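Each remark here refers to the structure printed beneath this line.
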Amino acid sequence: MYLYLRKRNKLVYENITKAKFIKRPNRFIAEVEIDGQREIVHVKNTGRCKELLLPGCEVWLTAPGTPDRKTKYDLVAVRKDNGILFNIDSQAPNKVVKEWLALQSYDVVIPEYTYGDSRIDFYMERGSQKYLMEVKGCTLEVDGVGYFPDAPTERGVKHIRELIKAKEAGYTAILAFVIQMDGVSEVRPNVDTHPEFGTALEEAKKAGVEVWFLKCHVEPDKLLIIS
């Protein structure tokens, strides 16, 4: 379960349990060990996370308490073998950005805004200026640099194309990367995994789409935007 703290650019999990990661049979579930007992948990990230979810690593779980669930826990955070703590909850970036935007003096903030053939994460207004922002969570780190995506994302490319169209139509168009780890301030396109995303991102930059890197502080029970 989440506890949303208005006006405080952060997301806090109401309860958290530490566990040891055993294996990930598929992209939706993982097997973990809690106090010597094995448990099947839901993984809140369908990306590969193969460099993070290694046998024996520390992970953190939250128990949403939703009735009739097949799994009691959601896996939301993991400590990488280099010591860095990652939030891997794919829903967390939009939740924490919504809180952060409430502090940024916009007159209007509307989540899940339909534009063209896509649903863009946020529409904002400040005075007469209109904004569209698409949010992407970054959970892949290599030598202190973030990379996106960690798996091919046709949806991500489609959203970039819509942002280019929005910029041409007079909007301020923004692609915001929420960096779900400490110590990383830049995100680069993972062209080895998805070359088309890298091409689309370069086209967006040339078209005037703004690219933001939202640095974060991560704890087992929270994700906090610090820039």
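Numbers for the structure displayed
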| read-out | value |
| --- | --- |
| Unmet requirement for ILE120, which otherwise passes all of (1) more than 22 Å from PHE177 (Cβ to Cβ); (2) modelled with pLDDT of 95 or more | (1) |
| Any hit, segment 191-200, residues being farther than 24 Å from TYR123 by Cβ, touching a Pro at 6+ places or on another chain (Cβ under 7 Å) and either assigned by TED's automatic domain parsing to the domain that holds ASP81 or not polar (S, T, N, Q) (or both) | yes |
| Strands (runs of 3 or more DSSP E) (entirely within segment 1-100) containing at least 3 residues that are more than 18 Å from the chain's Cα centre (by Cα) and over 30 Å from THR193 (Cβ atoms) | 37-43 |
| Search result, residues across segment 169-217 that are in contact (Cβ under 8 Å) with a residue 60 or more places away in the chain and among the β-branched types (Val, Ile, Thr) | VAL178 |
| Test: residue in segment 107-124 that is out of contact with any helix residue (DSSP H, G or I) (no Cβ under 8 Å at 6 or more places or on another chain), assigned to a loop (DSSP other than H, G, I, E, B) and over 21 Å from GLU168 (Cα atoms) | yes |
| Boolean, SER128 is free of Cβ contacts under 8 Å to residues at least 12 places away in the same chain, out of contact with any helix residue (DSSP H, G or I) (no Cβ under 8 Å at 6 or more places or on another chain) and either under 20 Å from VAL97 (Cβ atoms) or surrounded by fewer than 19 Cβ atoms within 10 Å (Cβ to Cβ) (or both) | yes |
| Total residues in segment 185-227, condition outside any strand (DSSP E or B), touching a strand residue (DSSP E or B) at 6+ places or on another chain (Cβ under 7 Å) and surrounded by 20 or more Cβ atoms within 10 Å (Cβ to Cβ) | 5 |
| Test: residue in segment 151-160 that is under 22 Å from ASP81 (Cα atoms) and either in contact with a Lys or Arg (Cβ under 9 Å, 6 or more places away or on another chain) or modelled with pLDDT of 95 or more (or both) | yes |
| Subset of segment 5-59 [hydroxyl-bearing (Ser, Thr, Tyr) and either farther than 21 Å from LEU85 by Cβ or at pLDDT 95 or above (or both)] | THR17 |
| Enumeration of residues in segment 61-70 that are surrounded by fewer than 22 Cβ atoms within 10 Å (Cβ to Cβ) and modelled with pLDDT of 95 or more | none |
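The values are calculated or read from the model by the stated rules, or taken from the named source; none is laboratory data. In this text the structure is predicted, and so the values were computed from the model without any measurement. Glycine gets a Cβ as well: all are built from the backbone with ideal geometry, and neighbour counts include every protein chain shown.
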